[in-house]
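Colleague: Handing you this structure, nothing more for now.
The values are calculated or read from the model by the stated rules, or taken from the named source; none is laboratory data. Values in this document were obtained by computation on a predicted structure and should not be read as measured data. Note that each Cβ is placed from the backbone with ideal geometry, even for glycine, and that neighbours are counted across all protein chains shown.
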Amino acid sequence: MIFVEVKTLVVKPEALSVGKEFSPEQHFTKQKITRLKRAIEIFLIKNRINPEIKQRLDLVAIELDETGELKDLRHYENVSDSF
C-alpha cells in the first residue's frame, strides 16, 4: 500500500529576485513524517487492514509559477527513511 504526501509551492518572481528560493521539500520535516506514520497506523486500524501489509510513504513535490502553471514536479519514493 502506497501513501503519498503532496507538497505544492507557488514560486513568485519577487522571491527569486531577492535570493529567496524555497522548495516544497523544505516543508516535509521529520515531525511531519512522524505525524503521517501515526495517521497511517490509524487509517489501517479503522479500515481493518493488516498493519503488517507492505507500506511505503512517497512525497510528490510540485512547483507552480505565479499563474498556476506547472514549473516542476518531483516524486520521491519511500521517503520515511530519507528525510
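Colleague: Does any residue in segment 58-69 that is closer than 12 Å to His27 by Cβ and touching a residue at least 12 places away in the same chain (Cβ under 8 Å) come within less than 6 Å, Cβ to Cβ, of a residue that is in a loop (DSSP other than H, G, I, E, B) and not polar (S, T, N, Q) six or more places away or on a different chain, and which pairs are these?
Modeller: From segment 58-69, the pairs are Leu59/Phe28.
Colleague: Right, next: Just one of the numbered conditions (1) at pLDDT below 90; (2) in contact with a strand residue (DSSP E or B) (Cβ under 8 Å, 6 or more places away or on another chain) is not true of Leu59; which one?
Modeller: The number of the failed condition is (1).
Colleague: Test Glu69 against the stated conditions and say whether it is closer than 22 Å to Thr8 by Cβ, out of contact with any strand residue (DSSP E or B) (no Cβ under 9 Å at 6 or more places or on another chain) and surrounded by fewer than 13 Cβ atoms within 10 Å (Cβ to Cβ).
Modeller: On the way: closer than 22 Å to Thr8 by Cβ: yes; out of contact with any strand residue (DSSP E or B) (no Cβ under 9 Å at 6 or more places or on another chain): yes; surrounded by fewer than 13 Cβ atoms within 10 Å (Cβ to Cβ): yes.
Answer is yes for this residue.
Colleague: Can you find a residue in segment 32-52 that is part of a loop (DSSP other than H, G, I, E, B) and within 15 Å of Glu5 (Cα to Cα)?
Modeller: Of the residues in segment 32-52, the ones part of a loop (DSSP other than H, G, I, E, B) are 47-52.
With the extra rule that they be within 15 Å of Glu5 (Cα to Cα), the set shrinks to none.
Looking for residues that are part of a loop (DSSP other than H, G, I, E, B) and within 15 Å of Glu5 (Cα to Cα), one finds none in segment 32-52, hence no.
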